[in-house]
Every structure is written in structure tokens, then in C-alpha cells.
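The structure appears right after this line, and notes come after that.
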Amino acid sequence: TVLILDFGSQYSHLITRRVRELGVYCELLPCTQKLADLHFKPKGIILSGSPYSVYDKDAPRVDPAVFDAGVPILGICYGLQEMTTFMGGKVDACDHREYGHAVLSVKKHPQFPFVDKLFAGLNGDNVQVWMSHGDQVSAAAPGFTVIAETRTAPFAAVAHEEKPFFGIQFHPEVTHTVDGQKLLKNFVIDICQCNASWTMEEFVDKEIERIRGVVGPIDHVIGAVSGGVDSTVAARLMHEAIGTRFHAVLVDNGVMRLNECANVKKMLGDKMGINIKVADAADLFLGRLKGVTDPEQKRKIIGNTFINVFEEEGVLIEQELERTQSQGKIKYLLQGTLYPDVIESISFKGPSATIKTHHNVGGLLDDMKLKLIEPLRELFKDEVRALGKILGLDDELVWRHPFPGPGIAIRVLGEVTKEQVEIARLADSIYIEEIKKNGYYRNISQAYAALLPIKAVGVMGDNRTYEQVIALRAVETKDFMTADIFASAEWFVCLKRISSRIINEVKGVNRVVYDISSKPPATIEWE
Ligand code: XMP
């Protein structure tokens, strides 16, 4: 395992991704992590970049024990500066912030062959790298030698002459650094001597064993499923591990996509053999949403009602277990938490400001006295997709667009009524059907139809109409934190067709608009 210490750079996740792509397992932890408290012994440590300057009063600092751990260290950007400061060198602000491409020339050190390992196999006089920094090393720490420089950065890369410590000013993890992956491989495989043996197949076997060990031979696990890729993959894994002692619950909140509940039940229950129960609570949810127009209020009502319904289902399953004199009890709650959520909640900066209250089932743990089990907590989204494929999930499911917990309730602006939900649902299903038919589904990260709370004038035949407006959204994004609208000339032609289908087929709609706002300043959902 490689330990990556995160000083808050926007690229920290990427370093983790790149190392795992090399087949080496690694964990990203906050830079404040004490080495003594680690649950594993790292074979190497990478210090990430940071938005801070090392000389800031509140600059994040690494546990000094890192430098005595006896393992190779690679400092990237701030990581280099932190190492330099700690070991007695100097860091200063650059005259100009450097952002963009730079060309490195590498220096050879026949007298210390070890330090040349980092750039081994790279084109020495012309290494294309990506820089993004406002500070730089102005004097290397004692014992360090320069291994590469650029025109403006005389200490673009340094290495210790005796210890396996390396520092680089540029970012090997971004694709603009042409041979970045080669450099990381040199560090992780050759310098740290890690084995490239981490694969998704191995993960599946280990995780199934781990789940069996944790749950034991008689107890049961309950988990909510939504039809999304994360909860489906988690459920499939759990089913693989403990069979029918896993109980999946699908809460029909009345604001799911068209035919969603029936489809999910068919897929998980009939196709995968998972023990699944559908809790039909549509009327309860819609009843509680009556008259509510505030987005946050809607989210809260749906979140709380979800917990009520799920708990009731838990009690029913528990009673059934008693009735059939099962030995075991429900002791665990399955959640499809992913690595980015874990990182977000353990960041040294603390969780970021709440823009929207996301729907989650954390509240269940206290009430139901359950322990949490999270088989995906070490994985990124695309790793979950790869896992889904290994577990035999259909491509259609593996590549499904995300769908928010509060569902169509936050896509029906204004009051959520059954009639409004049906309009939004039908428009959405036509939209998605056309997107798939025209081959756009995989290129778009997320698409949906929202129903606006306004009416517009139109003309149909000889008659004036006065009806509602559907807004179509389609975005491209890697991480859903920022997003661009999906746009191309051919796409707009396709949108024209979709618009006329929606207006013809969905009663109550006479106008369709396309949302051309990026995130930020807009968000992906309308509420
Ligand atoms: P926003 O609207 O914040 O959405 O740009 C970012 C991503 O998160 C999804 N989303 C949610 N997912 N529960 C979820 O599970 C929620 O409450 C929720 N709200 C937004 C949204 O669909 C997009 O993919």
C-alpha cells in the first residue's frame, strides 16, 4: 500500500487514481494523519499539492514521523515545499504564478545512481510537464540535489543524495504531464518496490471474504436499493457474500422514474435472485409533500419519510425472521458509500459548506441499532462500474446516469402533486429514450427533464394553448462538482425532435426549453 497524504489540492484524488491504475493499492488520508495511528504499513508516501503556502500561519503540516518512517517519499508541488521547509531549505513566492505547460531538463548523477531512478526512461532534455503553483523552492534543503530544472524553476525536481526522498514542483498526476504515469510508476514500482497486483477481481474475492467474516454465519444485513449503480453493485456483492441473509428494500416514494420500481424489482429480484421487498409508500410521501414548494423542505421531508418507511420495513423483516425462528438477527446496514464521500467527510478542512441537503440514511444507525457495512468505501465511481461489470451487471445499468435521492420531487419545481410528477416522468422517459436511441447516453454524464412552475402561451391547430414548460438538462462532467452543458450541432438537431415528441405526447406541455447553464454558477439539479 502507498499512503497519499492530502494537503487539499484539487488533484489529490487524481494521484490516488493514477497509483491504482498502476495496480498498486493506495489510500488517500488527510495530511494530519499520525503515522502511528495507521492501520497499515505503507511502502511509500506521497505528499500532495495544496492551495496553501508553506509559510502561511495556518498552513497544513505533516506528521514529522513521516520523514523517519524509512520508506520512500515523493513530494508533489506543496509536498516538495513542505519537505524542503521541514528539512531546512527555503521556499518563496514566485514573481508570477506559474500555471500551464513547462519543459524540464533532467540532470544525470552518475555518482548517485539512485536519484536518477525517478526520471528513468523519460526523454531527459524534453520532459513536458504541467505546473500550477505560486511558490517555489529557492534553496534546496541540505543533502538534496537538483535532478531537473526548467527555465524559471531551478529546483523543479530534487532528490536526497542518501535517503529515498524526492520532490517535484510539477503535477505528474494530470494528463498534461506527458510521461506523468511513467514517473509515478518509477516511484511506486521501482523506488518503493510495490507489487502491481491490485486488480478488481482480487478486490471482489477479498471483499466477499471480508463481508462473510464481519457478518458471520447467521446474522442478517438490510440495505436500501434505488436502481442506481452504487446501491445495485453493493447489493450484488452482499448477495454474493451472504445470499438471502441480505434483505434489499426498495422504497417507492412516488417520485421515481417511469416504471422504475417494477424494473428494479425485476432486475434485482428476478434476474439476480436478491431478496428484495418493495415498500409502496408513494401516497405517504406525496401526502407529506402536499403544499410544499421550498426545495430544502422537500428534501428534508423526503429524507425523513424515507427513514420512517425503511425502519418500518426493517421491523417487518425482523418480525418475519422471528416468526420463522431464524437464529440470526438484522445487525448491519449496507450502504453504497464511495471513496469520494469518505474523503470529503475526513478532509482536514472539514466537510464543505452545504449547498443542498443530500439525502442519506445515516440517521438509521442510531434508531435501528445497526452497524454500518460499506463495501465500496475504497472505490471511485469508475471502479464501481468496473466492479459491476465483473459481477455481471448489464451495461445499461453499469452506465446509468445518477439519479438524486429526492427524485422527481426536485425536478418538479413548485408543489409536487401526482399529476405534476406524471408529466415530468413521461417527458423524462421520452427524453432518455431518444438519447439512448440516438447514441448519446454514454457521452452525456447526466440528463433529465424538469417541469417548470409556469405556464406559457402556444398554438395548436387553430387554438391558443396555455400550458406548462419542460426544461431539458444534459451535462458533461467528471466529478459532478463542476459541469458543462452538453452541446453540439447534431445534438441540437436531436433536441428539436425530442421537443416535438414531448409536446405531442405529454399532455399539459406546450413548450420545451434547453438549460444552457454550467455548474457553477448553476447546479445540475434545478432544486
Ligand atoms: P447538484 O444539483 O448539486 O447535483 O449539482 C450534483 C449531483 O448530485 C446529485 N444529487 C443528489 N444525489 N441525493 C443524491 O443521492 C440528493 O439529495 C441529491 N441532490 C443532487 C445530482 O443528481 C447530481 O448528479
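So here's what we get for this one:
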quantity: Scope the stretch 494-527; condition surrounded by fewer than 16 Cβ atoms within 10 Å (Cβ to Cβ), within 15 Å of the ligand (Cβ to nearest atom) and among the basic types (Lys, Arg); matching residues; calculated: none
quantity: Neighbours by Cβ (under 6 Å, 6+ apart or cross-chain): first from the stretch 387-410, of a type in the set (D, E, K, R); second away from the ligand (no atom under 11 Å from the Cβ) and at pLDDT 95 or above; calculated: LYS389/VAL398; ARG400/VAL229
quantity: Selection count, the stretch 290-309, where residues are in a loop (DSSP other than H, G, I, E, B) and buried (at least 19 other Cβ atoms within 10 Å of the Cβ); calculated: 0
quantity: Only listed residue being without any contact (Cβ under 8 Å) to a residue 40 or more places away in the chain, within 27 Å of GLY328 (Cα to Cα) and either touching a strand residue (DSSP E or B) at 6+ places or on another chain (Cβ under 9 Å) or of a type in the set (Lys, Arg) (or both), chosen from ARG288, ARG212, ARG236; calculated: ARG212
quantity: Residues of the stretch 380-396 satisfying the condition of being surrounded by fewer than 17 Cβ atoms within 10 Å (Cβ to Cβ), more than 16 Å from the ligand (Cβ to nearest atom) and in a helix (DSSP H, G or I); calculated: LYS389, ILE390, ASP395, GLU396
quantity: Qualifying residues in the stretch 450-483 (those that are modelled with pLDDT under 95 and more than 19 Å from ILE502 (Cα to Cα)) - the one farthest from the ligand (Cβ to nearest atom); calculated: ASP462
quantity: Filter result for THR150 (among the β-branched types (Val, Ile, Thr), buried (at least 16 other Cβ atoms within 10 Å of the Cβ) and modelled with pLDDT under 95); calculated: yes
quantity: Matching option when the condition is more than 16 Å from the ligand (Cβ to nearest atom), within 25 Å of GLU422 (Cβ to Cβ) and among the small types (Gly, Ala, Ser), among GLY273, GLY287, GLY243; calculated: GLY287
quantity: Long-range neighbours under 7 Å by Cβ, at least six apart or interchain, first residue touching a residue at least 12 places away in the same chain (Cβ under 8 Å) within the stretch 298-309, second among the polar types (S, T, N, Q) and more than 10 Å from the ligand (Cβ to nearest atom); calculated: ILE302/ASN253; PHE306/ASN253
quantity: Test for VAL315: is it without any contact (Cβ under 8 Å) to a residue 24 or more places away in the chain, more than 30 Å from GLU202 (Cα to Cα) and either assigned to a helix (DSSP H, G or I) or not small (Gly, Ala, Ser) (or both); calculated: yes
quantity: Whichever residue in the stretch 484-493 is among the aliphatic types (A, V, I, L, M) and outside any strand (DSSP E or B) and, among such residues, is nearest to the ligand (Cβ to nearest atom); calculated: ALA487
quantity: Every residue from the stretch 275-289 that is surrounded by 13 or more Cβ atoms within 10 Å (Cβ to Cβ) and of a type in the set (Gly, Ala, Ser); calculated: ALA279, ALA281, ALA282
quantity: The lone exception for SER499 - which of (1) in contact with a strand residue (DSSP E or B) (Cβ under 6 Å, 6 or more places away or on another chain); (2) assigned to a strand (DSSP E or B) it fails; calculated: (2)
quantity: 2 or more residues modelled with pLDDT under 95 and farther than 18 Å from HIS133 by Cα: qualifying strands (runs of 3 or more DSSP E) within the stretch 1-81; calculated: 26-30
quantity: Any hit, the stretch 171-192, residues being out of contact with any Leu (no Cβ under 7 Å at 6 or more places or on another chain), in contact (Cβ under 8 Å) with a residue 40 or more places away in the chain, surrounded by fewer than 18 Cβ atoms within 10 Å (Cβ to Cβ) and under 30 Å from LEU237 (Cβ atoms); calculated: yes
quantity: Among residues of the stretch 86-136, those that are surrounded by fewer than 18 Cβ atoms within 10 Å (Cβ to Cβ) and part of a strand (DSSP E or B), counted; calculated: 14
quantity: All positions within the stretch 177-228 that are in contact with a Phe, Trp or Tyr (Cβ under 8 Å, 6 or more places away or on another chain) and either in a loop (DSSP other than H, G, I, E, B) or within 16 Å of the ligand (Cβ to nearest atom) (or both); calculated: THR177, TRP198, ASP219, GLY223, ALA224, SER226, GLY227, GLY228
quantity: Subset of the stretch 430-463 [part of a helix (DSSP H, G or I) and more than 18 Å from ILE524 (Cα to Cα)]; calculated: ILE430, GLU433, GLU434, LYS436, LYS437
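Residue-by-condition table, conditions (1) without any contact (Cβ under 8 Å) to a residue 40 or more places away in the chain; (2) of a type outside the set (A, V, I, L, M):
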site: TYR441; (1), (2): no, yes
site: ILE444; (1), (2): no, no
site: THR482; (1), (2): yes, yes
site: VAL513; (1), (2): no, no
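The values are calculated or read from the model by the stated rules, or taken from the named source; none is laboratory data. Small disclaimer: the values here were computed from a predicted structure and weren't measured. Note that we place each Cβ from the backbone using ideal geometry, even for glycine, and neighbour counts take in every protein chain shown.
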